[in-house]
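S.K.: First the structure, then my questions, so here it is.
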Amino acid sequence: METVQQDAISLKQIFKDNWDKFLSKHYTLVTAYMAYNVWKIMNCREPEGLGYITYSCPDHPQEICQIPKSCKSRFCSICAKVQIDNWVAEMNSLFPNCSYFHVTFTVPSQFRILLFEKRSLLNAVFSACTETLQSFCKERGFLPAITAVLHTFGSDLKRHVHIHCIVSAGGLKMTGNQERYTRFKERKIKNHKAKLKTFLVKTDKPEWVSFNKKFPYKMLQLRYQALLIKHLKMHIQKNIKSDNPDQYLVVFSDPMVMKHFFDELKNEYKNGFYVNVTEERQDLKQTVSYVGRYARRPPISELRIKKYTGDFVTFEFKDYYHNGSKVLHTLKTIEFIRKLIRHIPPHYFNVIRHYGILANRVKKAYQKLTEKLLGAAPDVEKAKTWKERQELFHGKDPLRCRICNKIMKFSSAYSPNSLSSIKAKMDIDFS
């Protein structure tokens with residue numbers, strides 16, 4: 001069987017020891033998709049859980065190699081490393097071969113619980129962040145590459161909704177400059193049917209427009225604030241007018257409640273909502289790795305778990321209120337699990353999204369243009385396969401027969417639990 005090097009304390013073991021106890025106390029907090037992911041974590045690489053595949057030598061059938069099946073959940077500490085490495089390699093080949101900016105958008109504390117509990121409203125945050133960046137770039141005559149990644153937690157596992165955006169320092173030249181957002185707002189007041197003029201990317205004679213100045217964060221903060229409020233209002237009103245409105249959002253059906261709530265925010269945040277912009281950067285792999293660590297793995301690294309007694313878990317985190325000093329925090333294990341699983345996103349909810357010249361409908365066509373203008377990005381090595389990892393760990397090919405040195409062939413597969421049946425069971429149990 002595959003050798004998996006684990007730390008003394010693993011999330012898998014914590015879940016195995018306490019999941020049933022947690023369900024008996026907090027059953028109503030668990031969705032079917034949460035339960036499905038936890039089951040996969042607890043049964044990852046377990047022979048009687050997900051099963052295994054058997055390879056054997058054609059000439060010496062007694063010589064076998066059994067490969068355990070992995071869950072491939074991004075919430076699994078073991079599988080996450082492979083997912084992160086593959087995503088970094090994919091992003092490096094997808095993103096234009098240019099410098100970039102790392103922009104982080106946060107939401108005010110008044111929104112954190114609302115957005116966390118009503119996940120559909122997170123789409124409004126994505127729209128506001130990317131529209132803020134794209135509108136600024138289009139006003140300067142180019143369409144950028146943008147990758148937006150949602151994080152819902154801080155290092156202390158509290159709710160902390162924020163979006164990381166990787167934005168190219170430039171983009172493909174457009175046929176004209178978009179109208180400034182402030183002027184459009186003035187025109188919109190006079191005519192509510194007014195729309196922004198549409199400009200397209202020049203594809204007949206493509207050009208790359210470099211943008212080496214720092215984004216004006218004060219302007220971004222105010223524009224982001226206006227757009228986030230606008231998109232939240234749109235999403236809330238759409239929900240209220242639907243056939244099945246959310247009972248907690250119905251209160252906003254009163255126009256005065258809606259106006260008072262958002263006007264108070266504008267008064268409190270006169271400089272806009274917080275946006276952080278880095279200096280221009282060159283090493284895309286480093287930033288993508290950082291952002292991917294939090295989008296493609298559990299909210300906490302097992303290395304940060306310092307003590308586990310069964311009833312309590314102690315973990316380390318950076319306290320940014322005290323200059324980022326490392327502190328230890330102890331929670332009851334049941335509470336620790338509750339704080340962890342609430343960050344499992346709903347099924348089919350994309351926490352990584354691409355915009356501009358990376359949007360799905362245009363990325364292939366625009367990638368040909370950017371590679372022609374900027375050249376192809378250097379390759380980044382993908383995650384090693386199971387065979388490569390084992391060969392590196394043991395110093396030999398695990399699929400070679402010890403007797404004749406021939407490559408083993410697939411023999412059989414053992415699957416005591418199909419994932420489709422487990423998912424169907426969770427859908428019934430937690431519906």
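S.K.: Okay, helix-only estimate at 222 nm for the chain: each DSSP H run of n ≥ 4 adds -39500 (n - 2.57), divide by all residues, round to 500 deg cm²/dmol; what do you get?
M.R.: Value at 222 nm, helices only, nearest 500: -13000 deg cm²/dmol.
S.K.: Okay, moving on. So for the range 130-213, Kirkwood radius off the Cα pairs, Stokes-Einstein at 37 °C and 0.692 mPa s: how many µm² s⁻¹?
M.R.: 221 µm²/s
S.K.: Then there's this: Near the amide H of Ser99, under 5 Å away, which other amide H atoms are found, from residues 5 or more places off or on another chain, if H is placed in the peptide plane?
M.R.: Here Ala169 satisfy the definition.
S.K.: Tell me the per residue accessible area of the range 261-303 using a 1.4 Å probe; a whole number in Å² is fine.
M.R.: Per residue, the range 261-303 has 56 Å² of solvent-accessible surface.
S.K.: Further, regarding this structure: On alpha-carbon atoms, Rg over Rh for the range 357-424 using Kirkwood Rh?
M.R.: With Rh from the inverse mean 1/r over Cα pairs, Rg/Rh is 1.23.
S.K.: Let me ask you something else. In square nanometres and to one decimal, what's the mean projected area of the convex hull around the Cα atoms of the range 1-134?
M.R.: Average of the hull's projected areas for the range 1-134 equals 14.0 nm².
S.K.: OK, next. Ordering His347, His164 by how much accessible area each has at a 1.4 Å probe, largest first, what is the list?
M.R.: Per-residue accessible area, sorted high to low, gives His347, His164.
S.K.: For the range 134-240, what is the accessible area per residue in Å² when the probe is 1.4 Å?
M.R.: Value for the range 134-240: 50 Å² per residue.
S.K.: Could you check how much of the accessible area of the chain is carbon and sulfur, as a whole percent, using a 1.4 Å probe?
M.R.: Accessible surface attributable to carbon and sulfur in the chain totals 51 percent.
S.K.: Continuing with the same structure: Whole-Hz Karplus ³J(HN,Hα) for the range 156-173, in order, using 6.51 cos²θ - 1.76 cosθ + 1.60 and θ = phi - 60°, x for Gly and Pro?
M.R.: Along the range 156-173, the couplings run 9, 6, 6, 5, 8, 6, 7, 10, 8, 10, 9, 10, 5, 7, x, x, 6, 5 Hz.
S.K.: Using θ = phi - 60° and the Karplus form 6.51 cos²θ - 1.76 cosθ + 1.60, what ³J(HN,Hα) does each residue of the range 392-399 get, whole Hz, x for Gly and Pro?
M.R.: These are the phi-based 3J(HN,Hα) values: 5, 6, 9, x, 8, 6, x, 9 Hz.
S.K.: Right, next: Restricted to Cα positions, what overall size does the range 279-406 have along the principal axes? Three whole-Å values, descending.
M.R.: 56, 56, 33
S.K.: I've got another one for you. Given bins 10 angstrom wide, list per bin the percent of all Cα-Cα distances in the range 171-313, short to long.
M.R.: Percent of Cα pairs in each bin: 8, 19, 27, 25, 15, 3, 1.
S.K.: What are the radius of gyration and Dmax of the range 74-212, computed over its Cα atoms and given in Å?
M.R.: Values for the range 74-212 (Cα only, Rg and Dmax): 18.1, 57 Å.
S.K.: Kirkwood hydrodynamic radius, the range 219-290, all distinct C-alpha pairs: what's the number in Å?
M.R.: 14.8 Å
S.K.: In the full protein assembly as shown, how much of Asp59 is accessible to a 1.4 Å probe, in Å² to the nearest 10?
M.R.: 80 Å²
S.K.: A follow-up question, please. Please report the spacing between the Cα centers of the range 10-63 and the range 218-285 in Å, no decimals.
M.R.: Each part's Cα centre sits 40 Å from the other's.
S.K.: Further, regarding this structure: Taking every alpha carbon pair in the chain, what does the distance histogram look like in 10 angstrom bins from 0, in percent?
M.R.: 4, 17, 25, 25, 18, 8, 3, 1, 0
S.K.: Would you please give the residues with an amide H less than 5 Å from that of Leu50, counting only those at least 5 places away or on a separate chain, with H modeled from the backbone geometry?
M.R.: Residues meeting the criterion, in which the H sits 1.01 Å from N, are Arg45.
S.K.: Taking the convex hull of the Cα atoms, report for the range 236-276 its projected area averaged over all directions, in nm².
M.R.: About 3.8 nm², averaged over all directions.
S.K.: Beyond 15 Å, how much of the Cα-Cα pair distribution for the range 98-173 remains, as a whole percent?
M.R.: Cα-Cα pairs in the range 98-173 separated by more than 15 Å: 57 percent.
S.K.: For the range 206-257, take the alpha-carbon Rg, divide it by the Kirkwood Rh, and send me Rg/Rh.
M.R.: Here Rg/Rh amounts to 1.28.
S.K.: Which number comes out as Rg/Rh for the range 276-322 once both Rg and the Kirkwood Rh are worked out on C-alpha atoms?
M.R.: Using Cα coordinates only, the ratio equals 1.12.
S.K.: For the range 330-393, report the accessible area per residue in Å² (1.4 Å probe, heavy atoms, rounded to an integer).
M.R.: 60 Å²
S.K.: Continuing with this model, one more query. Taking amide H positions as placed 1.01 Å from N in the peptide plane, with prolines and chain starts having none, which residues 5 or more places from Met174, or on another chain, fall under 5 Å of its amide H?
M.R.: Those lying under 5 Å, H to H, from Met174 are Phe142, Leu143, Lys202.
S.K.: Through the Karplus equation 6.51 cos²θ - 1.76 cosθ + 1.60, θ set to phi - 60°, convert the phi angles of the range 204-210 into ³J(HN,Hα) values in whole Hz; use x for Gly and Pro.
M.R.: Here the 3J(HN,Hα) series is 6, 10, x, 9, 9, 9, 7 Hz.
S.K.: With only alpha-carbon atoms counted, please give the Rg and Dmax of the range 386-431, in Å.
M.R.: Rg, Dmax (Cα atoms, Å): 18.1, 54.
The values are calculated or read from the model by the stated rules, or taken from the named source; none is laboratory data. The shown structure was predicted, so the numbers you read here are calculated from the model rather than taken from an experiment. Surface accessibility is based on the protein's heavy atoms, side chains included, excluding ligands, DNA and RNA. Shrake-Rupley method; radii C 1.70, N 1.55, O 1.52, S 1.80 Å.
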